[in-house]
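Let me begin by presenting the structure, written as structure tokens, before commenting on it.
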Amino acid sequence: MAIADKIRQNMAQGSMIRKMFEEGAALMNRYGAENVFDLSLGNPVVEPPPELQQELKRLADEPLPGMHRYMSNAGYPDTRSAVAKQLVAETGLKFTMGEIVMTCGAAAGLNVALKTILNPGDEVIIFAPYFVEYGGYVDNHGGVAKVLPTDENFLPRLNVLKSSITAKTKAVLINSPNNPTGVIYSADLLRQLGDILQQKEKQYGTQIYLISDEAYRKIIYDGLKFPYPLLHHKQTVVVTSHSKDLALPGERIGYIAIHPDCAGKGELVDGLIYANRVLGFVNAPALMQHLVKNLQSVSVSIAEYQQKRDFMYQNLTAMGYKLNKPQGAFYMFPRTPIEDDAAFVRELQEHRILTVPGRGFGAPGYFRLVYCVNDRVLEDSLTGFRKVAEKFGMG
Ligand SMILES: Cc1ncc(COP(=O)(O)O)c(C=O)c1O
């Protein structure tokens, strides 16, 4: 018994994406990388924007004294101020550096936030389909994930939400633009959601946080504007990163932002800083904090991702795949023509296309593909998608 039973169990249940990644590596060894169409992992193929190289060069040429030392665990004041300034410009709310904690990406930010707020047995509501790691993150900190279904457009069913909130509900965790569906929550939906949280806070005399995972906030298509959850609930904790908008997932840089009018804000922020430290992150990477300070209004080319979305959406729908057109992020979540989504994913694998079964996201009967890959991979995957569509009479 070398490892904990719970970790062994969780690994077996929750590792579908990694499993596909490993099977993909095996297929690539066998057939050559160019003959495998890996649409399984959201690892953006685009390079960071040129401004990042310029900042990197500037820092290498003119290093700041002490720039590699320990710092305040919340992060550098000038980076936190730059983030706050950008949030003021985007939301109109009065953010200052005091509401910002720099983190090792959104994954760390979510863990820091959950560790800070959860007592053992507290409930966190999440909506299926959800980002695969949410269950593990909630469990890490003694919470209980309460998974609620969404409607046919992958939007929360508000009546179900209303009847599911209890005195134990500490947070509702949302993700818009969404991984895996690409859906964006409208301002109207967020307003209603906020109203429900406020009603329930009154009813139970509790504080219910809205944790808003905004990892894809800047990756939005068709000129849509991002509806900010922050504007609809004061107990909002934003968690985001530059993994996707600056294409820096390997660098682990992100932040938590607390609504400036959040009740108990001072203690909450102190708690976040403490949790960041004792979870062992200590602080977000120094070099990355220096880099992203001047890149708050910069992002990778959204037009490039939109083209890829359009290409896949047009082709897949023409073949008979049933899916909602993603409004943001870089994932698609089509229905599988058979009930067994894992079996369908294996069919695609026969054509060297790697995707992930919907059950990994709490939504069997669907599969997820990513389109943040080279155009050639997308183009060459179409033959396999077509053959599978024909086999299942989808057209
Ligand atoms: C919805 C969502 N949240 C959080 C993360 C974690 O991102 P990060 O690389 O910033 O830790 C991801 C990564 O894919 C994601 O899709």
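The values are calculated or read from the model by the stated rules, or taken from the named source; none is laboratory data. Everything numeric here is computed off the predicted structure, so don't read it as measured data. All Cβ positions, even for glycine, are placed from backbone atoms using ideal geometry, and neighbour counts span all protein chains on display. Each accessible area value is taken on the protein alone, full model and side chains, heavy atoms only, with ligands, DNA and RNA left out. Shrake-Rupley method; radii C 1.70, N 1.55, O 1.52, S 1.80 Å.
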Between a residue in segment 238-249 that is within 13 Å of Val46 (Cβ to Cβ) and any residue that is near the ligand (Cβ under 10 Å from one of its atoms) and polar (S, T, N, Q), which pairs come within a Cβ distance under 6 Å, given they are 6 or more apart or on different chains?
Pro249/Ser243
Subset tally (residues that are within 11 Å of the ligand (Cβ to nearest atom) and aliphatic (A, V, I, L, M)) for segment 127-145
1
So which helices (runs of 4 or more DSSP H) are wholly in segment 81-175 and hold at least 3 residues that are aliphatic (A, V, I, L, M)?
105-117, 158-164
Select, from Val282, Val298, Val292, the only residue that is open to solvent by less than 10 Å² (accessible area, probe 1.4 Å), more than 26 Å from Leu382 (Cα to Cα) and at pLDDT 95 or above.
Val292
With respect to Gln199, is the statement that it is within 28 Å of Gly142 (Cα to Cα), assigned to a loop (DSSP other than H, G, I, E, B) and away from the ligand (no atom under 16 Å from the Cβ) true?
no
Which of the residues spanning segment 238-267 are within 14 Å of the chain's Cα centre (by Cα) and assigned to a strand (DSSP E or B)?
Val238, Val239, Thr240, Ser241, Gly254, Tyr255, Ile256
Condition met for Asp122 (over 18 Å from Thr236 (Cα atoms), more than 16 Å from the ligand (Cβ to nearest atom) and surrounded by fewer than 21 Cβ atoms within 10 Å (Cβ to Cβ)):
no
In contact with a Lys or Arg (Cβ under 9 Å, 6 or more places away or on another chain), under 24 Å from Gln207 (Cβ atoms) and more than 13 Å from the ligand (Cβ to nearest atom) - does that describe any residue in segment 149-160?
no
Among the candidates Thr96, Thr91, Thr116, which residue alone is at negative phi, away from the ligand (no atom under 16 Å from the Cβ), among the polar types (S, T, N, Q) and buried (at least 20 other Cβ atoms within 10 Å of the Cβ)?
Thr116
Condition test on Thr181, is it farther than 23 Å from Ala257 by Cβ, within 16 Å of the ligand (Cβ to nearest atom) and either among the hydroxyl-bearing types (Ser, Thr, Tyr) or buried (at least 22 other Cβ atoms within 10 Å of the Cβ) (or both)?
yes
Among the residues of segment 311-351 satisfying the criterion of being at pLDDT below 95 and among the charged types (D, E, K, R), which is farthest from Leu382 (Cα to Cα)?
Arg346
Just one of Ala275, Ala286, Ala247, Ala263 is of a type in the set (Gly, Ala, Ser) and under 17 Å from Leu110 (Cα atoms); which is it?
Ala275
With respect to Lys244, is the statement that it is crowded, with 23+ Cβ neighbours inside 10 Å, within 16 Å of the ligand (Cβ to nearest atom) and of a type in the set (D, E, K, R) true?
yes
Would you confirm whether any residue within segment 169-178 is open to solvent by less than 30 Å² (accessible area, probe 1.4 Å), within 12 Å of the ligand (Cβ to nearest atom) and under 13 Å from Ala363 (Cβ atoms)?
yes
Matching residues in segment 343-377 - criterion: being over 17 Å from Leu27 (Cα atoms), hydrophobic (A, V, I, L, M, F, W, C) and in contact (Cβ under 8 Å) with a residue 12 or more places away in the chain:
Phe344, Phe361, Ala363, Phe367, Leu369, Val370, Cys372, Val373
Just the residues that are open to solvent by less than 10 Å² (accessible area, probe 1.4 Å) and more than 22 Å from Asp151 (Cα to Cα), please, taken from segment 336-369.
Phe344, Val345, Leu348, Ile353, Leu354, Thr355
Quick one: is Val356 of a type in the set (A, V, I, L, M, F, W, C) and within 23 Å of Ser301 (Cα to Cα)?
no
I'd like to know if segment 36-52 contains one or more residues that are out of contact with any Asp or Glu (no Cβ under 8 Å at 6 or more places or on another chain), in a helix (DSSP H, G or I), open to solvent by less than 60 Å² (accessible area, probe 1.4 Å) and modelled with pLDDT of 95 or more.
yes
Are any residues in segment 248-280 within 11 Å of the ligand (Cβ to nearest atom) and not basic (Lys, Arg), and if so, which ones?
Leu248, Pro249, Gly250, Glu251, Ile253, Gly254, Tyr255
Listed residues Val377, Val373; which is in a loop (DSSP other than H, G, I, E, B) and surrounded by 17 or more Cβ atoms within 10 Å (Cβ to Cβ)?
Val373
Kindly provide the set of residues from segment 309-324 that are surrounded by 14 or more Cβ atoms within 10 Å (Cβ to Cβ), more than 15 Å from Arg368 (Cβ to Cβ) and not acidic (Asp, Glu), ordered by number.
Phe311, Asn315, Met319, Gly320
